[in-house]
Amino acid sequence: MKIVIIGNGMVGYKLCEKLLAKPIAAPLHITVFGEEVRPAYDRVHLSAFFDGKTADDLSLAPASWYADNGIALHLSDPVLSIDRAAKTVSSHAGHTIPYDYLVLATGSAAFVPPIPGVEKEGVFIYRTIEDLELMQAHARKAKKGAVIGGGLLGLEAAKALLDLGLGTTHVVEFAPRLMPRQIDEAGSRMLQGKLEELGIQIHTSKNTAAIVGEDTITGMDFTDGSHLEVDMLVISAGIKPRDELARHCGLEVGPRGGIVVNNSLQTSDPSIFAIGECALHEGMIYGLVAPGYEMADVVATHLSGAAKSFTGFDMSTKLKLIGVDVASFGDPFIGPNEARTIVLEDTSKGIYKRINISNDGKKLLGGILVGDAEAYNMLLQTAKNGLALPPNPEDLILGARGGSEEAGAGVAALPEDALICSCEGITKGQICSSVTDGGCESVDAIKKCTKAGTGCGGCVPMIKDLMVHTMKSQGKYVRNVICEHFEFSRQELLNLVKVKNLTTYNEVLDTLGKGDGCEICKPLVASILASLWNEVILKKGNDTAQDSNDRFLANIQKGGTYSVVPRIPGGEITPEKLIVIGQVAQKYNLYTKITGGQRIDMFGAHLNDLPAIWEELIAAGFESGHAYGKSLRTVKSCVGSTWCRFGLHDSVSFAIRIEERYRGLRAPHKLKSAVSGCIRECAEAQSKDFGIIATEKGWNLYVCGNGGSKPQHALLLAADIDSETCIRYIDRFLMLYIKTADPLTRTATWLNKLEGGIDYLRNVVVNDSLGLAEQFEQEMQELVDAYECEWKAVVESPELRKRFSHFVNAPEEKDPTVQFESMRDQKKAADWK
Amino acid sequence: MSATLTESYTWFAACSTTDVPENGGVCVKYKNDQIALFNFTRRGEWYATQNMCPHRMQMAISRGMIGSIEGEPKVACPFHKKNFSLVDGRCLSDDSCGDLKTYPVKVEGGRVFIGIPGAEEDTWA
């Protein structure tokens with residue numbers, strides 16, 4: 001069977017893939033013509049090109065893939081004509097190829113409105129990698145950019161302009177709101193607010209009259225008489241189907257373009273199919289990739305002799321536009337007579353959610369999410385499958401209140417044929433059976449087995465939920481195993497390592513694991529070993545198991561240099577020591593900055609210089625600050641009763657005592673602490689893993705707070721306790737955390753998952769309900785006694801120092817590729833390339 | 001080693017075997033280029049790849065952790081943990097960022113040699 005495919009875009013490529021996978025008996029001869037110089041690439045993520053991705057990164061498959069699968073690929077070779085009588089196509093390069101079946105996957109072109117001046121230099125469309133390369137070249141000399149078109153692609157193009165470094169970016173939209181096809185007016189207002197915060201200026205209800213400038217664009221005139229100065233413009237005002245070949249050979253096309261197809265995607269000539277953005281199905285052009293992929297599958301199935309029809313496609317979408325979640329599903333706009341609408345609008349957080357519910361309150365019909373689209377997958381499934389709604393449907397967007405139960409029915413309620421991955425067309429049933437019959441017990445395994453989640457990736461969280469649910473329902477214990485090398489949870493492994501008295505990574509792997517380890521289990525085991533035995537982490541055999549930062553006792557930064565953070569306990573430092581830091585930074589040309597934890601960070605140190613830098617710091621009485629480790633960072637303090645007129649106790653002295661007690665303590669994640677001298681809480685102790693606040697009668701101890709991306713206030717563990725009791729409680733709390741937390745879990749998350757929560761924790765720590773208090777305190781004391789400064793150990797060991805050179809065969813030479821730029825009288829790392 | 005030896009290589013003496021930490025890597029200077037060299041003691045194997053991670057163009061692969069995935073030896077870049085096969089250099093992470101060039105390695109008399117394809121030309125600059 002001879003198949004010719006015209007067009008090598010995403011959908012044309014998907015057709016090749018699908019055809020190869022179908023059981024087609026007759027020998028298959030596939031010929032593909034592509035107009036562009038590159039084989040098909042990911043156009044959906046085109047803007048990632050300006051984010052550091054290369055054309056190769058975006059490629060869907062290299063040219064060799066076509067050759068390996070026996071597909072003749074003609075790139076840079078547009079087809080000029082189709083001879084339907086002779087059943088041949090003729091290309092620009094002079095190839096005439098016969099076909100049994102012809103598939104048009106010619107896609108679409110940017111629609112350029114007939115505005116005077118569109119031909120000027122500096123005016124671009126946003127469609128192909130070539131367009132991007134042209135934009136990149138022009139952007140170097142441009143300062144102010146604009147985009148015509150506030151739809152999905154237009155906003156993508158605006159992001160591209162930001163990424164290209166244009167200072168000002170405008171979006172000009174003809175309609176009264178952004179993304180008019182996907183979201184309503186209120187949602188659009190919220191999106192507009194978010195985008196304006198990010199430096200994009202939005203002009204709606206604006207019609208461009210002319211593009212002005214000599215040869216190159218200098219500005220835009222609008223029909224309302226206003227003017228905008230810009231030196232770069234991207235037009236993204238919509239698409240028009242590439243139907244000219246079809247038109248030429250007499251196939252039926254729509255009045256406003258698009259090749260007319262039936263439910264089998266056949267054109268008016270049954271030997272010719274059309275798929276993707278060039279196809280007009282029931283008066284509709286589908287401008288998304290998922291329906292295009294579905295069309296490819298329909299054609300491949302049809303050609304393999306089986307039956308399948310295309311019956312329209314759900315246009316629900318979720319995307320992240322310049323960091324803002326936007327989603328719409330089902331019927332987002334349905335009017336007040338046909339549905340009840342529930343709206344949540346939070347202008348302070350920039351969140352807008354709307355759901356449309358059938359008048360009888362039983363079904364979800366559609367909705368819009370802006371700013372927070374976490375609920376998208378479940379809402380989409382609820383709408384598509386007609387799932388029953390909770391008694392208070394607003395819980396779907398508010399989250400359930402006053403309980404930990406999740407709102408809505410959850411994955412269990414979905415029918416077997418619920419489409420989970422719309423890119424690849426994979427149903428819940430297929431995913432569940434890959435777990436039950438295919439033995440897939442990880443998301444990666446399911447991805448490999450079913451291809452679900454390999455497209456846009458939006459459904460991955462749902463795949464995980466389905467997997468866990470299926471395994472649980474089979475009575476399988478869903479264990480949080482570490483990785484393919486260790487079939488244990490972190491807690492199990494820690495206990496085993498302790499009982500078996502293992503002290504090196506290799507011993508642990510030989511005794512309890514399999515294979516050669518990886519970047520997940522190595523640092524985890526190294527952390528367990530450090531938490532149990534507190535030996536110098538760079539001891540032979542464990543050095544290369546450390547996480548990259550621990551291995552060089554410093555944080556790797558952009559460009560490959562390191563930062564140096566000496567410990568400044570409680571934030572207290574003498575003028576003499578401050579001078580030493582200044583001198584060291586000067587001598588080694590380091591950028592200096594005060595950290596959020598009351599210490600001083602020196603950036604831009606060459607690997608080779610680290611030992612010498614630390615030698616000087618240690619000589620002046622400093623020690624490692626462990627800023628690179630999953631360990632105690634800093635104990636912040638306010639100035640306390642020694643100077644402050646409100647201070648109740650000496651918070652600085654207590655902070656120093658705490659910091660020196662737990663310095664170097666390795667834990668599942670980093671630990672931060674603070675001590676405040678009174679209730680005014682200047683040290684912000686309630687945002688720390690453990691925080692202490694002075695009271696009239698002693699100290700209040702708070703635990704499991706967190707700053708970071710999900711801030712959480714610490715909870716009171718014990719009130720009005722004396723210093724000794726406070727330290728004993730912290731000992732017990734930290735040992736319990738170290739022994740039971742999952743890897744890379746901060747204390748706040750650990751507490752959230754801990755059964756019984758803070759009450760259970762208080763029982764263990766304060767009331768000693770497990771009878772382990774004494775053991776915890778003793779174990780902690782052993783760790784405290786075993787502490788030594790690891791940088792001191794390195795500085796004093798020629799063998800260890802040797803590891804701190806960039807070139808093994810030229811130890812004196814620094815990495816010549818390291819580059820700095822200057823900024824405000826200091827240096828900064830050169831940007832990512 | 002996977003590289004077929006039908007190609008001709010110039011064998012470059014990089015360092016002695018004890019210069020490279022067990023189950024770890026070092027960076028080797030070859031002319032104006034940088035090669036990551038790994039001593040995979042657990043497997044009794046040596047590997048060499050380009051030192052530059054193709055994801056963000058950082059000279060860092062030699063500082064990455066090595067290990068295996070389903071038996072295949074690999075290295076993880078310390079910056080964003082992109083995984084690459086040590087056998088053929090292909091990117092193993094879901095969101096591939098391009099591949100690493102690999103070099104054959106041989107050990108003779110306690111010295112480690114890296115095979116540079118062709119004679120004098122540097123092909124990957």
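Quick notes on this structure:
- For region A:652-786, the square roots of the Cα gyration tensor eigenvalues, ordered a ≥ b ≥ c, give a/c below 1.5, which places it in the rounded category.
- In region B:64-110, burial by the other protein chains removes 50 Å² or more of 1.4 Å probe accessible surface, compared with the chain on its own, from B:65, B:68, B:79.
- Using a 4.7 Å Cβ-Cβ cutoff, the cysteines of chain B lacking any partner cysteine are B:15, B:27, B:91, B:97.
- Largest to smallest accessible area among A:433, A:651 [probe 1.4 Å]: A:433, A:651
- Cα-based values for region A:414-478, radius of gyration first and Dmax second, are 10.5, 32 Å.
- For the protein assembly as shown, the carbon plus sulfur part of the accessible surface works out to 50%, probe radius 1.4 Å.
- For region A:355-365, putting each phi into the Karplus relation 6.51 cos²θ - 1.76 cosθ + 1.60 with θ = phi - 60° gives couplings of 10, 10, 10, 4, 4, 7, x, 9, 10, 8, 9 Hz, in residue order, rounded to whole numbers and with x for Gly and Pro.
- Exposure of residue A:208 as accessible area (Å², to 10), given a probe of 1.4 Å and all protein chains: 20 Å²
- Candidate residues A:416, A:659, A:484, B:70: accessible-area rank, largest first, probe 1.4 Å: B:70, A:416, A:484, A:659
- Total formal charge among the other residues, if their Cβ is under 13 angstrom from that of residue A:286, Lys/Arg +1 and Asp/Glu -1: -3
- Each residue, residue A:388 and residue A:20, gets one label point 7 Å from its Cα in the Cβ direction; the gap between the two is 4.7 nm.
- Scalar couplings 3J(HN,Hα) for region A:337-353, obtained by applying the Karplus form with A = 6.51, B = -1.76, C = 1.60 to θ = phi - 60°, are 6, 8, 7, 9, 10, 10, 10, 10, 10, 10, 5, 5, 8, x, 10, 10, 9 Hz; x denotes Gly and Pro.
- Relative contact order (%) - criterion: Cα under 8 Å, at least six apart; region: region A:76-208: 15 percent
- Antiparallel %, DSSP beta bridges [both residues in region A:112-237], to 5: 30 percent
- 19 Å reach of a label modelled at residue A:88, 7 Å along Cα-to-Cβ, counting backbone N of region A:266-305: A:271-272
- Distant alpha-carbon pairs in region A:490-537 (separation over 18 angstrom), percent: 16 percent
- Cross-link reach list, aspartates and glutamates versus residue A:194, counting only Cα pairs under 18 Å and skipping chain neighbours closer than eight places: A:156, A:163, A:173, A:184, A:185, A:325, A:345, A:346, A:372, A:374
- Cβ-based net charge around residue A:176, under 12 Å, with every Lys or Arg adding one and every Asp or Glu removing one: 0
- Å² per residue, accessible surface of chain A at 1.4 Å: 43 Å²
- Between chain B and chain A, the total buried accessible area stands at approximately 3700 Å², from heavy atoms with a 1.4 Å probe.
- Once Rg and the Kirkwood radius are both taken over the C-alpha atoms of region A:244-301, their ratio Rg/Rh works out to 0.93.
- Within the same chain, lysines fewer than 8 places from residue A:476 are excluded, and of the rest, those with a Cα less than 21 Å from its Cα are A:428, A:447, A:464, A:753.
- Helix-only [θ]222 nm of chain A, DSSP H runs n ≥ 4, -39500 (n - 2.57) each, per residue, nearest 500: -8500 deg cm²/dmol
- Pairs of Cα atoms farther than 59 Å apart, the protein assembly as shown, %: 15 percent
- Accessible solvent surface per residue of chain B, calculated while the other protein chains remain in place, 1.4 angstrom probe, Å²: 40 Å²
- Put a dot 7 Å past the Cα of residue A:593, heading toward its Cβ, do the same for residue A:579, and the two dots end up 2.8 nm apart.
- Inter-part distance where region A:376-394 and region A:787-815 are each reduced to a Cα centre, Å: 59 Å
- Anchor residue A:540: aspartates and glutamates whose Cα lies under 14 Å away (excluding residues fewer than 8 positions away in-chain): A:507, A:550, A:790, A:799, B:19, B:22
- At 1.306 mPa s and 10 °C, Stokes D of region A:243-345 from Kirkwood alpha-carbon radius, µm² per second: 101 µm²/s
- DSSP-defined beta bridges in the protein assembly as shown - what % are antiparallel, rounded to 5: 70 percent
- Normalised contact order of chain B, rounded percent, pairs of Cα under 8 Å and 6 or more residues apart: 28 percent
- Under 15 Å from the residue A:620 label point (7 Å along Cα→beta-carbon), backbone N, region A:590-605: A:590-594, A:599-603
- Threshold 50 Å² - residues in region A:807-821 whose accessible area is reduced by that much or more when the chain is no longer isolated, probe 1.4 Å: A:807, A:808, A:809
- Beta bridges per DSSP with both ends in region A:39-169, % antiparallel, nearest 5: 80 percent
The values are calculated or read from the model by the stated rules, or taken from the named source; none is laboratory data. What you see is a predicted model, and the numbers here were worked out from it, not measured in a lab. Every residue, glycine as well, gets a Cβ built from its backbone with ideal geometry; the counts of neighbours run over all protein chains shown. Protein only, heavy atoms only, side chains kept; ligands, DNA and RNA dropped before computing areas. Shrake-Rupley method; radii C 1.70, N 1.55, O 1.52, S 1.80 Å.
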